[in-house]
1. Classify the stretch 28-104 from the C-alpha gyration tensor, please: rounded if a/c falls under 1.5, else prolate or oblate depending on whether a/b exceeds b/c.
2. In terms of the Cα gyration tensor, with a ≥ b ≥ c the square roots of its eigenvalues, is the stretch 231-319 rounded because a/c is under 1.5, prolate because a/b exceeds b/c, or oblate?
3. Output needed: Cys residues of the chain lacking any neighbouring Cys C-beta below 4.7 Å, sorted by number.
4. So what's the net charge close to G101: Lys and Arg +1, Asp and Glu -1, counting the other residues with Cβ under 11 Å from its Cβ?
5. Which one of V94, V26, V110 has the biggest mean-square fluctuation once the chain is modelled by GNM with Cα springs under 10 Å?
6. Within the stretch 255-273, find all residues whose amide N lies under 19 Å from a label point positioned 7 Å from the Cα of R229 along Cα-to-beta-carbon.
7. Give the label of the value calculated from the structure for mean projected area of the Cα convex hull in nm², choosing from (i) 22.5; (ii) 18.0; (iii) 20.9.
8. Please give the net charge around V268, taking every other residue with its beta carbon less than 14 angstrom from that of V268, where Lys and Arg add +1 and Asp and Glu add -1.
Amino acid sequence: MLPILKHLGFAARVPMPFPSSRSMSVMAKVLRYKEYGEPANVLHLQEEPIPDLQDGEVLIKTLGAPVNPADINTIQGKYPVRPTFPAVGGNECVGEVIALGPSSGNSLKVGDRVVPFASGLGTWRSHGIYKTSRVMKVPAGIGVAEAATITVNPCTGYRMLKDFVSLKPGDTVIQNGANSACGQAIFQLCRAWNIECIGIVRDRPEFGQLKDYLKGLGAAEILTEEELRTTKLFKDGIFRKPKLALNCVGGKNALELSRQLDQAGVMVTYGGMSREPVTVPTASLIFKDLRFVGFWMTRWTKENSASPLRSEMFNELFELIDRGALKAPAHEMIPFEDYTTAVTNALNIQGFVGKKYIFQF
């Protein structure tokens, strides 16, 4: 794997021919904003010329770029990542190499598919220029939706399952927000590693349908928040008590989740959809020796940009995708020009499972 550094955006330079069959009349479409606010109000689709390619640079045509909740929160000014204005939205994408600048080396060629990643990339653009050292080649058999969404949710799930508790086949993990894109990835990873994963979701008219869908991804059992309070799955020995709880909701839901943990269990918080704090009972700390920790994928990536752990993770994720054990979350490909629909609905989960919008170019 190649090291991932800071993204290089477009520069205001006069375009010149590049080694590609595409015409120089190609203009990049970019979704930009210059102030915080609701995305539908502050985002503007603009066109700009593609600048010269410099030494070690690669030009990619974007094939798919997802809309993540963190992207929306960033535009709203509610996320720790603070862009420099004017900014381009988006943090994930997959693209096709259409041109290489001078001295680009032999690691990439025209036609390769690549994934650039780091925080604040600005991937909501039809074309992007990156240093060749700042992109990762994607195996040819990986689909657009899987490649476009690989660097956030599957990586988050992978690291939380690997880094906090030594899990063995037959162990139990419990997670809330189980129908989220990350939750869907976690179920599939657990199934691939023979780990029992119990999911918690809010009650809804389509609960039966949702339960079947998530079990199809690998969930061992699905409970509503109300069922979690009275469940005997662990008391009766149907499943081992969870060693690991994954929390993206907070509030009372997280409290009930922690009550199910085994002695010396760990709760990892990676989100706070309820916007309520995580409450930790004193007895849980003293008598059960529980640990409560946080996880942020952006921080992990920055701290491990040159670590072999990153290469190992992506190699395994790509292998799982290649053999059909890890699929993209429920999603809808949406034309880039219809961006207002995607950014308006991205945080409004409709239907029985959260749907990921992916810009199509």
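The values are calculated or read from the model by the stated rules, or taken from the named source; none is laboratory data. No experiment lies behind these values; they were computed from the predicted model shown. Neighbour counts run over all protein chains shown; Cβ positions are idealised from the backbone, glycine included. These area figures cover heavy atoms from the full protein model, side chains too; ligands, DNA and RNA do not enter into them. Shrake-Rupley method; radii C 1.70, N 1.55, O 1.52, S 1.80 Å.
1. It is prolate, given that a/c is not under 1.5 and a/b is the larger ratio.
2. prolate
3. C93, C155, C182, C248
4. Charge balance in the 11 Å sphere: -2.
5. Judging by the Gaussian network model, the answer is V26.
6. Hits in the stretch 255-273 for R229 at 19 Å: 255-261.
7. It is the one labelled (ii).
8. With Lys, Arg at +1 and Asp, Glu at -1, the net is +4.
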